[in-house]
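Student: After the structure tokens below, expect a handful of questions from me.
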Amino acid sequence: MVSFFDVIRTIPEQRIVGMVTYPLDEILLVSFIGVLCGGDDWEVIEDMSKVNLEWLRQFLPYKNGVPPAQTCRRVLSLLPAKLLENGFATWVCSLQKVVRGVVAVDGKTLRGSKKKSDGDGALHLLSAYACEAGLVLGQRAVEAKSNEITAIPELLEMLAIKGAIISIDAIGTQKAIAEKIIEKKADYVLALKSNQGTLYTDIKEFFADSELVKTCLTHQTTDGGHGRIEERKIIATSDIEWLKNLHPDWKNLTSVAAITAKTTNKKTGAISAETRFYISSLPENPADLLAATRSHWAIENNLHWQLDVSFNEDKCRVRKDFEPHNLAIIRHAVINILKQDKSKISIKRKRLKALMDKEFRANLLAC
């Protein structure tokens, strides 16, 4: 197993050798430990590091003391993010040799990184999240959400996803992306919207025909909570030779599904319903397809939500060059390490415990 500490030590120095007061590995370790212990900006990270200087020296010399906030800020803004990204991907592969279940791919805009008052210039980070393991597998920065189409294949290329099920929302439902997933020996469940033109229309019209859907398989679930009742019904079929003849370029297209989610407000009785359509390389098992589409939301609930609530990511104002991207990768590494710890306490409490308990912190660093 490769520890994240090992990754830190392999990132090549970009500055002039012999003219460096604070080595890169010391800066990266301070940044990582500072975020792990609850620091959300460079000044707080510096303060935490000064208090823990002797503890840090068991790993690296720090002969010139703790690097100041301004030095960390400058070095992380100049360090090409791909260097840290590639090291991150190697580390994650060692954590989880085989990725099981659904890997959700989705983007998140870091609002605090915006360079203009109207929000322009903010970093948009595309992430791959293994829902069952709770691990961020990798990330890619894109200029805007519309650029996800070209970034998704690049992200998939760097991941070991053999045997996994890749779930992407409608923007990623592209022939080239489906082909890349199959090339990586994985399967896909891709959402459909009207951006797919005739493919969307053909599938929608198929499920609207009451006679045709009689031959399809169905599955239904009901959940209650948060003052509402949610009923989900899926209709799925692999009998789609007609569709493959019309759209032959979709690699390994095996099944299509329609999922209707009906929500009833317990208090008011108000009912809302929405039907979504999917294509997949998986067979027509409706329970499995429904479970895969529901797992996709883990990237919103267990990653993006945690980053905003537990790490204050949207409030973080770092914005220069590679700085927001590198700091985002460090946050992802911290989330992965905290989720390796199986104690039943929240991420926020684990960060506080890492600050107060040196033994707990050292055990996390060994992950």
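Student: Please tell me if I240 is crowded, with 16+ Cβ neighbours inside 10 Å, modelled with pLDDT of 95 or more and within 20 Å of S295 (Cβ to Cβ).
Tutor: So I240 does not fit the description; no.
Student: Can you confirm whether T218 is at pLDDT 95 or above and over 29 Å from I152 (Cβ atoms)?
Tutor: yes
Conditions tested, residue by residue: (1) polar (S, T, N, Q); (2) within 17 Å of L212 (Cβ to Cβ).
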{"position": "G227", "(1), (2)": "no, no"}
{"position": "I240", "(1), (2)": "no, yes"}
{"position": "L243", "(1), (2)": "no, yes"}
{"position": "D249", "(1), (2)": "no, no"}
{"position": "K262", "(1), (2)": "no, no"}
{"position": "K267", "(1), (2)": "no, no"}
{"position": "S272", "(1), (2)": "yes, no"}
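Student: In the stretch 149-164, is there at least one residue being open to solvent by less than 60 Å² (accessible area, probe 1.4 Å) and in a strand (DSSP E or B)?
Tutor: no
Student: A further question follows. Can you tell me which residue among T275, T268 is open to solvent by 70 Å² or more (accessible area, probe 1.4 Å), more than 21 Å from S127 (Cα to Cα) and polar (S, T, N, Q)?
Tutor: Every option except T268 fails the conditions.
Student: Do we find that E132 is part of a helix (DSSP H, G or I) and either among the basic types (K, R) or on the phi < 0 side of the Ramachandran plot (or both) in this structure?
Tutor: So E132 fails the test.
Student: What are the residue pairs meeting all of these: first residue in the stretch 343-367, first residue under 11 Å from I33 (Cβ atoms), second residue among the charged types (D, E, K, R) and exposed (fewer than 14 other Cβ atoms within 10 Å of the Cβ), Cβ atoms under 7 Å, and 6 or more apart or on different chains?
Tutor: Final answer for the pair search is none.
Student: Okay, moving on. Sort out which residues of the stretch 105-132 are modelled with pLDDT of 90 or more and open to solvent by 30 Å² or more (accessible area, probe 1.4 Å), and write them in order of number.
Tutor: E132
Student: Another question, then. Residues A270, A298, A257: which one is modelled with pLDDT of 95 or more, small (G, A, S) and more than 30 Å from S77 (Cα to Cα)?
Tutor: Matching residue, one of A270, A298, A257: A257.
Student: OK, next. Identify the residue in the stretch 204-230 that is closer than 16 Å to N285 by Cα and not polar (S, T, N, Q) and, among all such residues, is surrounded by the fewest Cβ atoms within 10 Å (Cβ to Cβ).
Tutor: So, considering only residues that are closer than 16 Å to N285 by Cα and not polar (S, T, N, Q), the one surrounded by the fewest Cβ atoms within 10 Å (Cβ to Cβ) is K214.
Student: Still on this structure, please answer the following. Condition first: open to solvent by less than 40 Å² (accessible area, probe 1.4 Å) and either in contact with a Pro (Cβ under 9 Å, 6 or more places away or on another chain) or β-branched (V, I, T) (or both). Now tell me which residues in the stretch 82-96 satisfy that.
Tutor: Answer for the stretch 82-96, where residues must be open to solvent by less than 40 Å² (accessible area, probe 1.4 Å) and either in contact with a Pro (Cβ under 9 Å, 6 or more places away or on another chain) or β-branched (V, I, T) (or both): just V92.
Student: Here are T173, T218, T263: which of them is in contact (Cβ under 8 Å) with a residue 40 or more places away in the chain and more than 25 Å from V99 (Cβ to Cβ)?
Tutor: Only one candidate passes the filter, namely T218.
One line per residue, one yes/no per condition, for (1) open to solvent by less than 40 Å² (accessible area, probe 1.4 Å); (2) modelled with pLDDT of 95 or more; (3) more than 22 Å from the chain's Cα centre (by Cα); (4) under 18 Å from V334 (Cα atoms):
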{"site": "T21", "(1), (2), (3), (4)": "no, no, yes, no"}
{"site": "I27", "(1), (2), (3), (4)": "yes, yes, yes, yes"}
{"site": "G38", "(1), (2), (3), (4)": "yes, no, no, yes"}
{"site": "E43", "(1), (2), (3), (4)": "no, no, yes, no"}
{"site": "D47", "(1), (2), (3), (4)": "no, no, yes, no"}
{"site": "Q58", "(1), (2), (3), (4)": "no, no, yes, no"}
{"site": "Y62", "(1), (2), (3), (4)": "yes, yes, yes, no"}
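Student: Only residues that are among the aliphatic types (A, V, I, L, M) and in contact (Cβ under 8 Å) with a residue 40 or more places away in the chain: list them for the stretch 268-290, please.
Tutor: Answer for the stretch 268-290, where residues must be among the aliphatic types (A, V, I, L, M) and in contact (Cβ under 8 Å) with a residue 40 or more places away in the chain: I279, L282, A287, L289, L290.
The values are calculated or read from the model by the stated rules, or taken from the named source; none is laboratory data. The model shown is predicted, which means the values in this text are computed figures rather than measured ones. Positions of Cβ are generated from backbone atoms using ideal geometry, with glycine treated the same way; all protein chains shown enter the neighbour counts. The accessibility values were calculated without ligands, DNA or RNA, using every heavy atom of the protein model including side chains. Shrake-Rupley method; radii C 1.70, N 1.55, O 1.52, S 1.80 Å.
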